[in-house]
1. Would you mind pulling out the separation of the Cα centroids of region 92-122 and region 56-80, in Å?
2. May I have the convex hull volume per residue, in Å³, for the Cα set of region 86-135?
3. Given the peptides 24-31, 4-11, 106-113, arrange them by the average over their residues of other C-beta atoms within 10 Å, most packed first.
4. With a Förster radius of 30 Å, plug the Cβ-Cβ distance of residue 110 and residue 65 into 1/(1 + (r/R0)^6) and report the FRET value to the nearest 0.05.
5. In square nanometres, what is one fourth of the surface area of the convex hull spanned by the alpha carbons of the chain?
6. Scattering from the C-alpha atoms of region 20-82 alone, worked out with Debye: what is log10 I(q)/I(0) at q = 0.13, 0.24, 0.25 1/Å?
7. Pop the C-beta distance of residue 101 and residue 81 into the FRET formula with R0 = 22 Å and round what comes out to the nearest 0.05.
8. So, by mean Cβ neighbours within 10 angstrom, what's the order for 120-126, 65-71 with the highest one leading?
Amino acid sequence: MLARREHSAQELEAKLRAKGYPEGVTGEVVAALTREGLASDARFTEALLNVRRARGYGPLRIRHELEQKGVSGEMIDRWLDVSGADWIEQVRHVREKKYGKQLPGDFAERVRQMRFLQQRGYTHDQITRALNTDDLD
């Protein structure tokens with residue numbers, strides 16, 4: 001499993017249990033893999049963060065996915081800076097890729113674009129700044 005991609009410790013344990021291995025054995029195996037450096041929640045977090053960012057997902061959605069995979073909140077906070085200025089640039093890029101450079105002209109279109117960006121996992125502040133004409137440089 002680790003040859004294909006990084007996994008969180010919880011994810012590895014769940015996959016081993018699904019294959020029929022007893023719970024005590026799976027815990028020991030995952031702990032041994034972690035001690036030897038073959039499995040790492042930090043590497044998993046970094047890899048997932050990079051892949052999801054490249055696909056245009058925002059920090060809220062990435063945080064939720066990491067939590068679902070069993071990554072600790074402390075580890076997520078260390079790797080995921082929700083308030084970073086680079087998220088504003090990314091949300092603008094994602095919006096332009098889907099809707100073009102022209103900002104929404106009417107309220108209905110603005111709401112539609114905001115809903116799309118919320119589903120991608122961006123914060124309200126990031127979306128507002130991306131759609132604000134005064135904030136463009």
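Each value in this text was obtained by applying a stated rule to the coordinates, not by laboratory testing. All values derive from a computational prediction rather than experimental measurement. Every residue, glycine as well, gets a Cβ built from its backbone with ideal geometry; the counts of neighbours run over all protein chains shown.
1. Cα centroid of region 92-122 versus Cα centroid of region 56-80: 23 Å apart.
2. Values: hull volume 3.5 nm³, N = 50.
In region 86-135, the Cα hull volume divided by residue count equals 70 Å³.
3. On the way: 24-31: 14.1, 4-11: 17.1, 106-113: 11.8.
Those peptides, ordered most packed to least, come out 4-11, 24-31, 106-113.
4. Values: r = 27 Å, r/R0 = 0.91.
The formula returns an efficiency of 0.65 here.
5. Numbers: hull surface 39.8 nm².
Mean projected area for the chain: 9.9 nm², to one decimal.
6. The calculated log intensity ratios at q = 0.13, 0.24, 0.25 Å⁻¹ are -0.41, -0.97, -1.01.
7. Working: r = 27 Å, r/R0 = 1.23.
It comes to 0.20.
8. Working: 120-126: 19.0, 65-71: 16.9.
The most tightly packed comes first, giving 120-126, 65-71.
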